Amino acid sequence: MFQAAIEPAADRTFPRSRVLMTGTLMTPDGAVSVRIRDISCAGAQVWAESVVPTDCDAILKRGAFFAAARVVRSGERTVGLQFYRTLSDQEFAAAFQQKPARSFVPA
C-alpha cells in the first residue's frame, strides 16, 4: 500500500503529503504531463515537462481524480496549484489511487 509522508507546516492550514506521482495538468495552452511532488486537500505542487502559464485555470488529473485549480505560481518547471474548493477526504484519497488497468479487447 502507498504511504505518503505528511509534512506539517506552521504557515499552512492543511498539511501536505509529499509524494511522487504522475498526472496531467490541463491548461489553456494544452495538456502537460506532470509529476505531483506534494498535495493537500487545498492545493498541490507539481513539476511540469513544459512551461505552464501563471495565473490561469487548470485541471489536475490522475486516473479518476480531477481537481479544478488556479495556477498561483509557475517557475521554469515547478508549478503551484490552489484548488478552487477544499477536497473532501474521499476526493483527496482518490488522488492516491493507481490508474485502472486497461483491458485488452481483441478486435
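The values are calculated or read from the model by the stated rules, or taken from the named source; none is laboratory data. Small disclaimer: the values here were computed from a predicted structure and weren't measured. Glycine gets a Cβ as well: all are built from the backbone with ideal geometry, and neighbour counts include every protein chain shown.
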query: Would a scan of the range 57-65 turn up a residue that is among the β-branched types (Val, Ile, Thr), in contact with a strand residue (DSSP E or B) (Cβ under 9 Å, 6 or more places away or on another chain) and at pLDDT below 95?
result: no
query: Would you pick out the residues in the range 4-40 that are touching a Pro at 6+ places or on another chain (Cβ under 9 Å), among the hydrophobic types (A, V, I, L, M, F, W, C) and modelled with pLDDT of 65 or more?
result: none
query: Tell me, which strands (runs of 3 or more DSSP E) lie completely within the range 18-97 with 2 or more residues that are of a type in the set (D, E, K, R)?
result: 30-39, 57-62, 65-74
- request: Hey, could you check the range 29-55 for residues that are among the polar types (S, T, N, Q) and closer than 16 Å to residue 66 by Cα and say which is surrounded by the fewest Cβ atoms within 10 Å (Cβ to Cβ)?
  value: 33
